[in-house]
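The values are calculated or read from the model by the stated rules, or taken from the named source; none is laboratory data. Predicted model only: the values in this text are computed from it and were never measured. For neighbour counting, all protein chains shown are included, and Cβ atoms are generated from backbone atoms with ideal geometry for every residue, glycine included. These area figures cover heavy atoms from the full protein model, side chains too; ligands, DNA and RNA do not enter into them. Shrake-Rupley method; radii C 1.70, N 1.55, O 1.52, S 1.80 Å.
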Amino acid sequence: MNVCSYCGRDIDDHRPVFVDERLDGTRRRTGQFCNYACLSAHIEDEELTTGACCRLEM
Ligand SMILES: [Zn+2]
């Protein structure tokens, strides 16, 4: 069973979203979520976006 990194439910029951990161040139799966709602909640809970944004100069 593929479980959601956020809520622990079976992602195959939903429309799953996957997160990959490139570490030392290798692509690694670091997260899998039921949908964007779980991904978004996970990002907020972990504060993954704090100070990490690419800056857009307008
Ligand atoms: Zn979920």
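Annotations for the structure displayed:
- 13 Å reach of a label modelled at Asp13, 7 Å along Cα-to-Cβ, counting backbone N of the range 20-58: 34-35
- Whole-percent carbon and sulfur share, accessible surface of the chain, 1.4 Å: 46
- In order along the range 7-17, phi translates into HN-Hα couplings of 9, x, 7, 6, 5, 5, 7, 10, 10, x, 10 Hz, rounded to whole numbers, per the Karplus curve 6.51 cos²θ - 1.76 cosθ + 1.60 with θ = phi - 60° and x for Gly and Pro.
- Tilt relative to the chain, helix 36-46 - C-alpha long axis, 0 to 90 degrees, to 10: 60
- Here, the chain is characterised by an Rg to Rh ratio of 1.06, where Rg is the alpha-carbon radius of gyration and Rh the Kirkwood radius.
- Average accessible surface area per residue within the chain, 1.4 Å rolling probe, Å²: 86
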